[in-house]
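Below: the structure, in structure tokens.
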Amino acid sequence: MLESLPQDDDFPRAFEAAFGRLQIVVEEAYVSQLEWPDQVVAAIRAALEFGAADPDAAHLLTNEALAHGSDGIARYQRLLAFGSGLLLPGRRYSDYGDLLPEILEHSIVGGIATLIAQRVDHGRAKELPALAPDAVQFALTPYLGAERACEIAAGV
Amino acid sequence: MADQIESRRDRILVAMIRVVGSKGYDATSVADVIEEAGTSRTTFYKHFDDKHDCFLTAYDRLVERVFAAVVANCDGEKSWLDRVCKGLETLVEIFALEPELARTAVVEVAVAGADARQRHWDAVARFTAYLDGGRRLNGGPELPEHISTMAAGAVSGLIFDELVAGRAEQLPELLPDLLFALLVPYIGPTAAAEEMRRAA
């Protein structure tokens, strides 16, 4: 289990630095693709590779943030909002757009963040890139249906 | 006499859950807990090494209690889908009725250090094991191994948000959305939306 990294005074600065690095790699991956499902695949892979390459940063952005009271929680919520924004165009892409509840994007990103937080906390961050197919299927199923999401995940 | 000792220990554990849920883990002191429990500092230290030791024991007991209630309420249901729906409904009702317990279980456990977090992961694993039955429904292909962890994380995150916002009592109103988030990876958007409508 990873223990606390920065002292309390360092937390905001350390969080923002890590979040900035994550945003850059995820956004670059996302915009490198043209179709929305491919963009999501690329973004998820980039996020998981980021966690594997820098588990301390991934720990800070998830487990440590939630341990830092209202300030840490607010920063973690910004992280989820960033991920949610990348999923939102899926509603236009989806045949099921009218069925999808407002909370969907937030819940998907929260689910993937939980998987990352758990792996990192257990010292198994290196396994994260191999979880990309699972995370892709999880993220795309609500928009594309299970069959299409499974096909795309199989190609990851 | 043994009953009395156990009763005092129980009162301390219940008080720990209430006080942490109300004040937050960091702000909670042993003095707060013994005042809430109506017991003495001597009695507290007879049973626990310190605040953290007491919290971990209280958290373990909380998880056992919640899990037992969920299982008891949903095991009678015939299908995996009905069991999961009933289980989530039970969880939400418990959290709505006992906001301090909910906040301790979902929010404050993250503050209480690495060993508390490990207990949280263990609790998540127990619930995900329950969800795993949905990975092979209707003769379709088996869903990936980590779907259940992400589904549980999705719902836990939504509940977390409501608790942080002080809206524990309104959690039952969120049940349809929670059901959708939990079920959609297993049964797809159309069927999950149908369950959402049924719960509304």
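The values are calculated or read from the model by the stated rules, or taken from the named source; none is laboratory data. All figures in this text were calculated on a predicted structure; none of them were measured in a lab. Note that each Cβ is placed from the backbone with ideal geometry, even for glycine, and that neighbours are counted across all protein chains shown.
May I ask you to verify whether B:Glu162 is of a type in the set (D, E, K, R), out of contact with any Ser or Thr (no Cβ under 8 Å at 6 or more places or on another chain) and either at pLDDT 95 or above or under 18 Å from A:Ile112 (Cα atoms) (or both)?
yes
Of the residues B:Ile17, B:Ile94, only one is more than 30 Å from B:Val184 (Cα to Cα) and β-branched (Val, Ile, Thr); which?
B:Ile17
Please find, among B:Gly134, B:Gly113, B:Gly153, the residue that is facing chain A (nearest Cβ under 7 Å) and either closer than 22 Å to A:Ala139 by Cα or modelled with pLDDT of 90 or more (or both).
Numbers: B:Gly134 fails: facing chain A (nearest Cβ under 7 Å); B:Gly113 fails: facing chain A (nearest Cβ under 7 Å).
Selected residue: B:Gly153, the only one of B:Gly134, B:Gly113, B:Gly153 that is facing chain A (nearest Cβ under 7 Å) and either closer than 22 Å to A:Ala139 by Cα or modelled with pLDDT of 90 or more (or both).
Are any residues in segment B:188-200 within 8 Å of another protein chain (Cβ to nearest Cβ) and either at pLDDT 95 or above or on the phi < 0 side of the Ramachandran plot (or both), and if so, which ones?
Within segment B:188-200, B:Pro189, B:Thr190, B:Ala192, B:Ala193, B:Met196 meet the criteria.
Only one residue in A:Leu60, A:Leu48, A:Leu131 is assigned to a helix (DSSP H, G or I), within 9 Å of chain B (Cβ to nearest Cβ) and farther than 30 Å from B:Ala200 by Cα. Which one?
Going through A:Leu60, A:Leu48, A:Leu131 in turn, the sole match is A:Leu131.
Residues of segment A:31-63 being surrounded by 20 or more Cβ atoms within 10 Å (Cβ to Cβ), of a type in the set (Ser, Thr, Tyr) and more than 16 Å from A:Ile116 (Cα to Cα), which ones?
none
What is the number of the single condition among (1) buried (at least 16 other Cβ atoms within 10 Å of the Cβ); (2) at pLDDT below 95 that B:Arg18 does not meet?
(2) is the only condition that B:Arg18 fails.
Would a scan of segment A:100-122 turn up a residue that is facing chain B (nearest Cβ under 8 Å), out of contact with any strand residue (DSSP E or B) (no Cβ under 6 Å at 6 or more places or on another chain), among the charged types (D, E, K, R) and in a helix (DSSP H, G or I)?
Yes; the residues of segment A:100-122 include at least one that is facing chain B (nearest Cβ under 8 Å), out of contact with any strand residue (DSSP E or B) (no Cβ under 6 Å at 6 or more places or on another chain), among the charged types (D, E, K, R) and in a helix (DSSP H, G or I).
Which residue out of B:Phe44, B:Phe67 is modelled with pLDDT of 90 or more, closer than 30 Å to A:Glu127 by Cβ and part of a helix (DSSP H, G or I)?
B:Phe67
B:Ser148 passes all but one of (1) more than 8 Å from chain A (Cβ to nearest Cβ); (2) under 20 Å from A:Gly145 (Cβ atoms); (3) without any contact (Cβ under 8 Å) to a residue 12 or more places away in the chain; (4) assigned to a helix (DSSP H, G or I); which number fails?
Only one criterion in (1) more than 8 Å from chain A (Cβ to nearest Cβ); (2) under 20 Å from A:Gly145 (Cβ atoms); (3) without any contact (Cβ under 8 Å) to a residue 12 or more places away in the chain; (4) assigned to a helix (DSSP H, G or I) is unmet by B:Ser148, namely (3).
Would you mind telling me which numbered condition in (1) surrounded by fewer than 23 Cβ atoms within 10 Å (Cβ to Cβ); (2) more than 13 Å from the chain's Cα centre (by Cα); (3) more than 16 Å from B:His146 (Cβ to Cβ); (4) modelled with pLDDT of 95 or more A:Arg124 fails?
Unmet for A:Arg124, out of (1) surrounded by fewer than 23 Cβ atoms within 10 Å (Cβ to Cβ); (2) more than 13 Å from the chain's Cα centre (by Cα); (3) more than 16 Å from B:His146 (Cβ to Cβ); (4) modelled with pLDDT of 95 or more: (3).
Looking at B:Val84 and the list (1) within 14 Å of another protein chain (Cβ to nearest Cβ); (2) not in a loop (DSSP other than H, G, I, E, B), which single condition is not satisfied?
(1)
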